[in-house]
Structures are given as structure tokens and as C-alpha cells.
Amino acid sequence: MKLIKLLPIMAIASVCVAGQVHAAQDPLMMPEQPAAPLTAEQQEISLAVPSEEVKAVVSEFAAFQLGMSNALIKDDNRVMSGQQRYTNNVLYYMNVRRDWYITSHRYKKDSYARVALDRLYLDYKEFFTNHTTVSDMNKAEYERQILAILEKNTENMNNDELRFYMNEMVIYSLKEAMRDGNNRVKRIR
């Protein structure tokens, strides 16, 4: 009779132990490991990066940038064009989304996910710092370079969760930058 009462407790304990073992093996929490190129099978079943939504938003952002006047805006003792302001806003919102992922998942400094998200942000920071404006002549190249950064950062990544986060970082930052009606220019961190 005592064994029958003990069985449910043992079952619950074994499920808890098994769950903890699996949680400890979360690849996004572990230090980054050298990545091998994706096989053809992995490429077929992996989440598309950049996704069709990312491509559409990048195209929308480039068109939005073309529509911005290059009238100079003065803020915090800096003078910049309307297009420069929105590239600053893209980096601001990308940093917001990156910080949100890191904080909400409690990624450690050396975790695979944090290193990958930081690397993506730094690549975009370099790009948008050097490419603050877009013209009709370089619009297609501007879009291609934005997408190429995302492709480069995910080419050997077989973790769909992280691939999704990277797609979302780009979508969120571009959409929010276009939506931002705040006249105050945000500083690039």
C-alpha cells in the first residue's frame, strides 16, 4: 500500500530531474561553439533568414528613407539630415530589442545567443554609421547590404529560435524607426 502512494511522487520527481537535465543543455545558453556550414538537409528545414517579411520591411524602409527630406535637424548640439535621424533610430530600436532578448532570457556574456545577437547589432551599427543616407541610384544596393548582414550572421546557424530572433530584431527596428514621430534624435550607443 505504501508503494502505491510513493509512485506518483517518484514519477513527479523523475519528470523534474529529466526537465532540468534538458534545460541545462539549452544551446543558446552554452558558450559559442565553432559552427560548421549547414548541410543541404539543414538548409531545407531551417527557418528562412532573411524571411519574406524582413525583405518587405527592408524595401519599405529604403523607400521611406528616400521620402525623407535631407533638411538639417539640430538636436543635442548635432546637426544631421532627416535620413541620418532615422538610421540612428534603427540602431536605437535594434539595441532595445537586443537588450530585451538578453534580459528576458538571462543570457550570460559568453552564451551563444548573446554573442550572436551582439555580433549582429555591431555589424548593423557599423553599416548604419557609414551609410546614413540613401538615393535613387543606390537604393537597391542599400537594401542588398542590409539583407547581406543578416545572411552573413546566420549562414552557419542551425538554431531556428536564434534565427527567428535575428529576423525579428531587423523587422522591429526598421518598423519602429519609421513609426517614430519623436523629433528628438536618439544617440547611437
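The values are calculated or read from the model by the stated rules, or taken from the named source; none is laboratory data. The shown structure was predicted, so the numbers you read here are calculated from the model rather than taken from an experiment. When we count neighbours, we look across all protein chains shown, and the Cβ atoms used for this are built from the backbone with ideal geometry, even at glycine. Note: areas computed on protein heavy atoms with side chains; ligands, DNA, RNA excluded. Shrake-Rupley method; radii C 1.70, N 1.55, O 1.52, S 1.80 Å.
In this rough spin-label picture, where each label sits 7 Å from Cα along the Cβ direction, the PHE164-LYS139 distance is 3.4 nm. Quick one: length gained pulling HIS131 to ILE12 fully straight, 0.36 nm per residue minus the C-alpha distance? Extra length from HIS131 to ILE12 when fully extended: 37.2 nm. Averaged per residue, the range 87-139 has 52 square angstrom of accessible surface, using a 1.4 angstrom probe with ligands and nucleic acids left out.
State whether the range 93-189 is rounded, prolate or oblate according to the following rule on the C-alpha gyration tensor (a ≥ b ≥ c being the square roots of its eigenvalues): a/c under 1.5 gives rounded; otherwise a/b larger than b/c gives prolate, and the remaining case gives oblate. Taking the square roots of the gyration eigenvalues as a ≥ b ≥ c, the range 93-189 is oblate.
Taken along the Cα-to-beta-carbon direction at a fixed 7 Å, the label points for GLU41 and LEU66 span 4.4 nm. Of the GluC sites (Glu not before Pro) in the range 150-183, the ones in a loop by DSSP (not H, G, I, E or B) with at most 14 other beta carbons within 10 Å are GLU155.
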